[in-house]
Structures are given as structure tokens and as C-alpha cells.
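The values are calculated or read from the model by the stated rules, or taken from the named source; none is laboratory data. Given the structure is predicted, the values throughout are model-derived calculations rather than measurements. Here Cβ is always computed from backbone atoms with ideal geometry, including for glycine, and neighbour counts include all displayed protein chains. Surface accessibility is based on the protein's heavy atoms, side chains included, excluding ligands, DNA and RNA. Shrake-Rupley method; radii C 1.70, N 1.55, O 1.52, S 1.80 Å.
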Amino acid sequence: MRRRLRSLGLRGRLVLTVIGTVAALLVALVGLYNVVLAQRLNHEVDAILRARASSGLARLQLTGDRVRVRPAGGQGQSDTPLWIFAGDRLMLAPEGHDAAADRVAQALAATGSRRFQEVGATERRLFAVPVKRDGRRVATVVTSVSVAPYDRIQKLVLLTSVVLALLVLAAVAVAAWWLVGGALRPVARMTAQAAEWSESDLEGRFARGDPHDELSQLAATLDELLDRVAAALRHEQRFSAEVSHELRTPLAAIRAEAQLALRHPHTEEEHRAGFARVLATADQMRGVLATLMDAAHAELDGGRGTSPAAQGAEAAVRSCRAAATRRGLRIDLDVPAELRVGVRGDLVERIVAPLLENACRYADSRVSVSATTAPGAVVYSIDDDGPGVRQEERETIFEPGHRGSAADGVPGSGLGLALARRLAQKAGGEIQAVPSAHGGRFLAELPRG
């Protein structure tokens, strides 16, 4: 049963729900109307019987224990079905009466009580009214009325109401199918459009403004979903492009070393030098892959949280200490211990470390890392006493694979600064290269914790 309902689709299930609700309401209304009608008809029948019984009582004349029946309107008999009993003796009976009605009238008179009685065989209803004197029944008036016309009216009304209810239910079904289909049609179109956009047009949006009804809320939700899909696809494409771009050169270098070793004889020292170059290139590839993977993971989780501002900076300094020692550089760290940043410490390290590595590549003797506060932000300043960054290159150096003019002869992939800025922006901050009178300076602004 559930499978069949699911196969109907949302439109069919909604229509069935509407039809079921309306059908239940119609059944209740038809039943209630016919019950009320039956009660009303019974009340009318009883009112007629009481009126006829009153006419019959008016024809009685009691003299002592004797009971006499006056003529009705000067006629010997009345058209009104009427039985009059003196005690148990029948004094008056209606014309054309049948035995079944006589027996019921006799039984009603014998009870000595005021009561109604149905005679199913003749479709009549009888009413008995006893006449008592000194607590003793001296006479009984019994009258009757045919209930066949009332039964026919009741059956006709029942049939008519059932047919009318079926017609109303059919009309409701047609209207519900049309209305539900019309209401769901925009939803179906929006769903199909969103599916098409997710595959072929990452910039397509419904753009219905602020949500004010169900359709605009759905449009806003689908726009948010498409934004996430587009961001995920762009992230995937960018990651693939970066991996392809960054690994192409080291792979070519490894291939060239292998081809050179196979084609030409070398001395042992030349082989060792070739293997050293291959190892250095492989280490470069591993570093690039690690950087790209760390950046991808950080972009996915956003790095939201809080941490001491010094925590991430100290970790970045530790990661760059070996490279600074090889070049004879001094790294100064000045970050207040009480300062907190609204980013996790590991993400702060991934943001600051590329800036610090860049400074260690170009510095002459000194690199410093400090942090100050700004309205709603913590600003890390990474300074070195190297050649600095030219004004026309302050933005281009943040493009993947692009290196400044000072990079001639200095190893590097041109990826660290681009990833650092991307991570900072993901965390709600920014990185920029600013002019400095004593060398290079990078400012990393992150939300304050």
C-alpha cells in the first residue's frame, strides 16, 4: 500500500488527502442532515397524531360510567382513522381498517398508557390516549397516520444528498488535481532548472529577493544550495588546476634526470648528484601536495573557533626555524599572550607560516612576527630586511604560480602566498603586502576572538 502511495507522487498523495478529508466531511454532513430530517419528520407525525387524538377525545361524552361517542360533523363516521374503546369494548373503528391495525389498537388500549406504536406491515403509526376517572380507565382513543409518505420523503432526501455529495466529491477531486498541479508546477520547474544549472551554469540563480512566501523561500534555499555546489565545484577545479600546475615542473625534472641517467654513462658522483636532485624535487612535490591538501581541508571546515593569538604564530615560527637557521637568520616573535583570535590555532599557523617562509627566503639577517589589535580584528605583521615587494607586484604575487621579481634564483613554488590569502579570506580576514622602509612587510588581518 505504501509503495502504491509513493508511486502516485506528491501531487497524487496531496489530492488523495484532500479527497479523503472532504469525503469524511461530506459523510458526516449527509448523516447529520438525514438524522435531523428523520427526527423532524417523526415530530411532525407525532404532532398530527396528537391533533387527531384531541379530536377523538372531543367526541367522547362520559355520563357516570357510561361512554358515548358523538357523531363527527354530522356524519356517522369520520375520515380520520380513529378507534374508541370503552374499557376493552370497541365502540368505533375507522373505515377500511385491517386486522393488523385492529390488533395493535386493541393492544395499545389494553396497556392503559399513553404511547406510540409502529405497525410495520401497514406502514402506519398509532397513538393511544387513555381516559381515566378516579384512577380507573374508562375509555381509550387510538388514532393512526400513514408514515409511507414520510418514509418516501426521507429515502428521496437520502438518495439526493448522497448523489449531491458524490458530485461535490468529484468536483473537489477535479479542482484539487488542477489546483495542486498548478501549485506544484512552479516547484517542478524550479527543481528542473536548479538541476540544469548545477550541471551546466554555475552562475544561474532564481534571485527572487527576500523570502516572503513558500516559493520565494524555496528559491532562496535552492540559491543557497547552488552557491554551495558552485563553491564546491570551483574549489575542486582550482585544486585540480593547482595540483596540475605545481606538479608539472617537478615531474618533468624527475623524468629528465631519469632519461639522462639512462642515455649517458655517469660516474658514481654524477649518479649521486642526480639522485640528490631527484630527491630534492620529490621533497618539493611532497611539500606542494601537503600544502594543497592542508589548504583544501582548512577551506572545507572554515577553521571557526578561538585560540590565543600567540599559539598559531609560535607554531609557524617553529616550522620555519630550521630554514632560518640554515640561512643564519634571526626570528623575533612579539605577540601578547592575552590576545585572542577568532580562528583555530592550526589555521592561524597555515596562514602565517607561508608569509614567514617567504620572509625567510628573502631576508638578509632578520625576520620579525608581531601582532596588534584593530577594531574587531587581530593584525599579524611579518617583516623582513630583504628587498621588499615592488608596488606593481603587491597583488600579482598572491596569484597561484606567480612569483615576484626578487625571486630570481630563490627556490619556491609561488603557491604559499596565494593559499595563505585564500585561507585568511575563508576565515573572514585578509592578507596584503604593504610598503615598508626597511624591507618586506605582510599584514594578515584575522577576526578577533
(message) Kirkwood hydrodynamic radius, computed over distinct alpha-carbon pairs, for the chain: how many Å, to one decimal?
(response) 32.5 Å
(request) Mind giving me the nanometre distance, one decimal, between the label points for residue 146 and residue 98, set 7 Å out from Cα along Cα→Cβ? (result) 1.1 nm
(request) Mind grabbing the accessible area of residue 55 for me, 1.4 Å probe, Å², rounded to tens? (result) 70 Å²
(request) Name the residue, out of 156, 184, 289, whose mean-square fluctuation peaks in a Gaussian network model built on the chain with Cα pairs under 10 Å. (result) 156
(request) Sort the stretch 313-398 into rounded, prolate or oblate with this rule: let a ≥ b ≥ c be the square roots of the eigenvalues of the Cα gyration tensor; rounded if a/c is under 1.5, and if a/c is not under 1.5, prolate when a/b is larger than b/c, oblate otherwise. (result) oblate
(request) Quote the FRET efficiency, to the nearest 0.05, computed for residue 188 versus residue 54 with a Förster distance R0 of 51 Å and r equal to the Cβ-Cβ distance. (result) 0.10
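At 1.4 Å probe size, put 150, 380 in order of accessible surface, largest to smallest.
150, 380
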(request) Just subtract the alpha-carbon distance of residue 62 and residue 280 from 0.36 nm times their residue separation and send over the number in nm, one decimal. (result) 64.7 nm
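Work out, step by step, the length gained on full extension between residue 271 and residue 42: first 0.36 nm times the residue separation, then minus their alpha carbon distance; give nm to one decimal. Don't jump to the answer; show the numbers that get you there.
Numbers: separation 229, 0.36 × 229 = 82.44 nm, distance 11.83 nm.
Here the answer is 70.6 nm.
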(request) Can you tell me how much longer the chain between residue 23 and residue 334 gets when fully stretched, taken as 0.36 nm per residue apart minus their C-alpha distance, in nm with one decimal? (result) 104.1 nm
(message) With the crude spin-label approximation of a point 7 Å out along Cα→Cβ, what separation in nm comes out for residue 396 versus residue 110?
(response) 12.6 nm
(request) Scan the chain and note any complete DSSP helix (H) whose C-alpha atoms cover at least 20 Å along its axis and whose Kyte-Doolittle average is 0.5 or more. (result) 2-58, 148-200
(request) With runs of 4+ DSSP H residues as the only contributors, calculate the mean residue ellipticity of the chain at 222 nm using -39,500 (n - 2.57) per run, divided by the residue total and rounded to the nearest 500. (result) -20500 deg cm²/dmol
(message) Skipping prolines and chain starts, which residues have an amide H placed within reach, meaning under 5 Å, of the one on residue 131, given they are 5 or more residues away or on another chain?
(response) 138, 139, 140, 141
(request) Tell me which residues come under 5 Å, amide H to amide H, from residue 333 once H is placed; ignore anything under 5 positions away on its chain. (result) 369
(request) Name the long-range amide H neighbours of residue 388: under 5 Å, sequence gap of 5 or more, or other chain; modelled H, no Pro or chain starts. (result) 440
(message) Among 171-180, 215-224, 337-346, how do they line up by average Cβ neighbours within 10 Å per residue, starting with the highest?
(response) 337-346, 215-224, 171-180
